[in-house]
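Nothing in this text is a laboratory measurement; each read-out follows from the coordinates by a stated rule. Predicted model, so just to flag it, every value in this text is computed and none were measured. Because the Cβ atoms are built from the backbone with ideal geometry, glycine has one as well, and the counts that use them run over all protein chains shown.
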Amino acid sequence: MMFGRLHSCYFLWYYVVFECIIEDPKLTNSIHPTDQYVRLPGPIELCHLMLQARIRRGDFVVDATVGNGHDTAFLAELVGPDGLVFGFDIQAEAIDQTSQRLLEAGFENRVRLVQCGHENAVETIDDFHADRISAVVFNLGYLPGGDKKIVTTPRTTVQALQRFASIISAEGLITVVVYPGHEGGMEETKAVVEWASSLDSDKFLVTSYGFVNRPHHPPFSILLERRK
Ligand SMILES: C[S@@+](CC[C@H](N)C(=O)[O-])C[C@H]1O[C@@H](n2cnc3c(N)ncnc32)[C@H](O)[C@@H]1O
């Protein structure tokens, strides 16, 4: 009788400790996911980490400022061959650079590039895709290596954000990297922060992230998640 009880106790403990705790990867991996040193990410890296966690193969996403195409190629890889990236920029140079990068990566069939301002981008996307956009990426400022006078502007940036915020899917993500350090960048940053802060917290989660002890007004990111 006693032995029987002890025996069943032993099996209970075996089950709890080995089957539920040690063998459950959710519990064991969540404590120490890796032994590697993980540095704090920069603002663009943080956006990429969140996009990587959120975007699924087959998704439809937007790069609102394609520039040299780094973000576009990153998004094209995430959506895979069945997904689609809509990319926008006002400069022909940026569209050409990005097309070249996509060709080299073999991603040209997953991306539709349009030379137009992001404030007018939603009109160029057909309803089927516009109703299913799961992520929108803004990397503001000027084209690296290009004309530094051609920059994103407060009015058009906020217009574009507003329009994408009104169509993004539930649980969709909008990432924005702002550059307060360049000419006109502080005004644009203030406009974006003011707009994002005014969003209804029942509809959007909004966070900002950046290094606070770096000189010359470093860039930071603002991430918005559409709630269900
Ligand atoms: C910082 S760059 C983008 C970098 C890019 N995401 C990359 O990975 O290389 C900003 C880009 O925004 C573009 N831009 C400026 N005003 C714009 C607008 N109204 N609509 C779309 N793109 C715009 C610029 O031409 C420039 O190429």
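If you count the DSSP beta bridges with both ends in the chain, what percent of them are antiparallel, to the nearest 5?
The answer is about 40 percent antiparallel.
Nearest 0.05, what FRET efficiency do Tyr37 and Glu104 give at R0 = 35 Å with Cβ-Cβ as r?
Efficiency, from the Cβ-Cβ distance: 0.65.
Please identify which residues in segment 126-153 have an amide N closer than 15 Å to a label point set 7 Å out from the Cα of Gln91, following the Cα→Cβ vector.
139-153
Using 10 Å bins from zero, what percent of all Cα-Cα pairs in the chain falls into each bin?
Here the calculated profile for the chain is 7, 28, 31, 15, 7, 5, 4, 2, 0.
Full extension from His182 to Val122: what is 0.36 nm times the residue separation minus their Cα-Cα distance, to one decimal in nm?
Stretched out fully, the His182 to Val122 stretch lengthens by 18.8 nm.
Taking springs between alpha-carbon atoms closer than 10 angstrom, which of Leu51, Leu103, Leu173 fluctuates most in the Gaussian network model of the chain?
Of the options given, Leu103 has the highest mean-square fluctuation.
May I ask for the angle, rounded to the nearest 10°, between helix 70-79 and the longest principal axis of the chain, with both axes built from Cα atoms and the value confined to 0 to 90°?
Helix 70-79 and the main axis of the chain meet at about 40 degrees.
Go ahead and set up a Gaussian network model of the chain, Cα springs under 10 Å, then flag whichever of Pro41, Pro215, Pro81 fluctuates most.
Of the options given, Pro215 has the highest mean-square fluctuation.
Taking a label point 7 Å from the Cα of Asp147 along the Cα→Cβ vector, which residues of segment 70-112 have an amide N closer than 14 Å to it?
Hits in segment 70-112 for Asp147 at 14 Å: 90-95.
Once the convex hull of the C-alpha atoms of segment 175-216 is built, how many Å³ does it hold per residue, rounded to a whole number?
Taking only Cα atoms, segment 175-216 has a hull volume of 71 Å³ per residue.
Taking amide H atoms as placed 1.01 Å from N in the peptide plane, list the residues 5 or more away in sequence, or in a different chain, whose amide H sits under 5 Å from that of Gly58.
Gly80, Asp82, Gly83
When DSSP assigns beta bridges and you keep just the ones with both residues in segment 67-176, what percent turn out antiparallel, to the nearest 5? Before the final figure, lay out each step's value.
Working: 1 of 10 bridges.
Percentage antiparallel, nearest 5: 10.
Consider a paramagnetic label point 7 Å from the Cα of Arg132 along Cα→Cβ; state which residues of segment 42-61 have an amide N under 17 Å from it.
Those under the cut-off are 55-61.
If all Cα-Cα distances of segment 41-110 are sorted into 10 Å bins from 0 onward, what percent lands in each bin, rounded to whole numbers?
All Cα pairs, binned at 10 Å, distribute as 23, 52, 25, 0 percent.
Taking 7 Å along the Cα-to-C-beta vector as the label spot, tell me the Glu171-Thr156 distance in nanometres, rounded to one decimal.
3.5
Angle check, please: helix 2-14 long axis (alpha carbons) against the longest principal axis of the chain (alpha carbons), in degrees 0 to 90, nearest 10.
Roughly 10 degrees between the two axes.
Counting other Cβ atoms within 10 Å of each Cβ, which chymotrypsin sites (Phe, Trp or Tyr not before Pro) in segment 126-228 have at most 11 and sit in a DSSP loop?
Phe211
Work out the charge dipole of segment 107-228 with +1 on the Cβ of Lys and Arg and -1 on the Cβ of Asp and Glu about the Cα centre, then indicate which of Val177, Ala135, Thr157 is farthest towards its positive end.
Of the candidates, Val177 comes out farthest on the positive side.
Nearest 10 degrees is fine. How inclined is helix 185-197 to the longest principal axis of the chain, computing both from alpha carbons?
Around 50 degrees separate the two axes.
Above 20 angstrom, tally the Cα pairs of segment 123-195 and express them as a % of all pairs, no decimals.
Considering segment 123-195, 36 percent of its Cα-Cα pairs are separated by more than 20 Å.
I'd like the distance separating the alpha-carbon centroids of segment 195-228 and segment 141-156, in whole Å.
Segment 195-228 and segment 141-156 have Cα centres spaced 21 Å from each other.
Using modelled backbone amide H atoms (1.01 Å from N, in-plane), which distant-in-sequence or interchain residues come within less than 5 Å of Gly172's amide H?
Under 5 Å from the amide H of Gly172: Arg226.
Calculate one ³J(HN,Hα) per residue across segment 128-139 by plugging θ = phi - 60° into the Karplus curve 6.51 cos²θ - 1.76 cosθ + 1.60, and present them in order as whole Hz with x for glycine and proline.
Here the 3J(HN,Hα) series is 4, 6, 4, 6, 10, 6, 9, 7, 9, 10, 10, 10 Hz.
Over the chain, with a Gaussian network built from C-alpha contacts below 10 Å, which listed residue (Glu188, Glu108, Glu123) shows the highest mean-square fluctuation?
Checking each option, the largest mean-square fluctuation is seen for Glu123.
Hey, how many Å between the Cα centroid of segment 42-57 and the Cα centroid of segment 79-122?
Between the Cα centres of segment 42-57 and segment 79-122 lies a distance of 18 Å.
Run the reach check for Lys149 against aspartates and glutamates, Cα to Cα strictly under 17 Å, same-chain hits fewer than 8 apart removed. What comes back?
Asp89, Glu93, Glu183, Glu187, Glu188
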